[in-house]
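To start, the structure under review is shown below, and the notes come after it.
Bear in mind these aren't lab numbers, they're just calculated from the coordinates by the rules spelled out. Keep in mind that what you see is a predicted model, and the values were worked out from it rather than measured. Reconstructed Cβ throughout: ideal geometry from the backbone, glycine too, with neighbour counts over all protein chains shown.
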Amino acid sequence: MFKEFIEKIKNYNRIGVISHIRPDGDCIGAQVGLSLWLQKNGFEAEAFNDDDVPVNLEWLQEKFTVQEFDIEKIATFDLLILVDGNALHRFSHSDNWYKGMDMPVWMIDHHPDPNDEFDLQISVPGASSTCELIYNLYKEHNPEQLDTSAAMALYTGIITDTGSLQFDSVTPETLEAVADILRRGDFKPNIVAEQVFSTKTEAQYKLLSLALGTIKLYESNQIAVMYVTQEMLKETGTTNSDTEGFVSYPLSIAGVKAAILLKDLDEEGVKMSLRSRSDVDVNVWARQLDGGGHKKAAGAWHPGPLEQAIDDVIEIGKKQLKKA
Ligand SMILES: [Mn+2]
């Protein structure tokens, strides 16, 4: 998988590693894991993200610092490696951030349908996570280099991108990777799980209770919809990022094939998280609403208002149900 990568990377020295906007456990874990690999192998590596690292992942910053996205600084690297996204625009809020960058840009990712805009790509759409791919880099090159810091970073990404190893993207290879990561990293998995998952606040639960009250089922209970409004955020003193993981509640209702969480952001329109636990392809669904992602998890956007967004998302969902 990484033969060409390992061979060609020797031509570079200063390498910038970038993870996608609105970062999650997999992109930060992969970024930290890859940056540590580069450092161990004599490269000068620096890591960037155009958003703040989420609070539950801040501890990963102690292993390798993820800096603020600085276009002028990024332009000085010999090579850029983008992790956990397959289109350049996923990596900054500023449009065309890559214009004027004359170094090669590589990517390592597991999302379907990669854009053809990279000088080298490790694209494995079937993989559980980008962190599983970075694990393969260590394995193919020199497994001895997988120390505790790198192992904890990669473990974080694998468990966050697979719903704690519950999704159908989990393969025997994933579990073998996890076993090797735990053995070599010599850490207790609950230490990572507690830092990543047990960081909820009371305000978040107040918001969750309001959101749960909005759950509605459509199409003979096959589609579940839940939403969060600006008023609900105000009432509970929470922000958008506090809705992380909410969509798993409507998705776990018996008989539900797909669930959508809508976030009414006022002037910015309505953001949607779509999840499937069936043959319903929410990537195709989301692509009709200015978004995309994976078959089982995707994001989309609607100009609003909220009621219209719900109507439209259900309308498209009906057709998706028929195809599945
Ligand atoms: Mn991922």
Between the alpha-carbon centers of the range 256-324 and the range 1-60, tell me the distance in whole angstrom.
30 Å
Over the range 63-176, one equal point on each Cα, no solvent: what is log10 I(q)/I(0) by the Debye formula at q = 0.10, 0.15, 0.20 Å⁻¹?
-0.34, -0.76, -1.21
Ordered by packing density, taken as the mean number of other Cβ atoms within 10 Å over each peptide's residues, highest first, how do 83-92, 116-125, 240-249, 288-297 rank?
83-92, 288-297, 240-249, 116-125
Just to compare against my own numbers: the Cα pair-distance distribution for the range 70-109, 5 Å bins, whole % per bin, please.
6, 24, 33, 30, 8
Can you check what the Kirkwood hydrodynamic radius comes to for the range 202-323, Cα pairs only, in Å to one decimal?
14.1 Å
Computed over the chain: relative contact order in percent, which uses C-alpha pairs under 8 Å that are six or more apart
12 percent
In the chain, which helices (entire DSSP H runs) extend 18 Å or more along their own long axis, judged by Cα positions, while averaging at least 0.5 on the Kyte-Doolittle scale?
148-161
Counting only DSSP beta bridges with both partners in the chain, the antiparallel fraction in percent, to the nearest 5, comes to 40 percent
Karplus (6.51, -1.76, 1.60) ³J(HN,Hα), θ = phi - 60°, over the range 91-104, in Hz, Gly and Pro reported as x
10, 7, 6, 7, 4, 6, 4, 7, 5, x, 7, 9, 7, x
Coordinate range along principal axes, alpha carbons of the chain, Å, largest first:
56, 44, 41
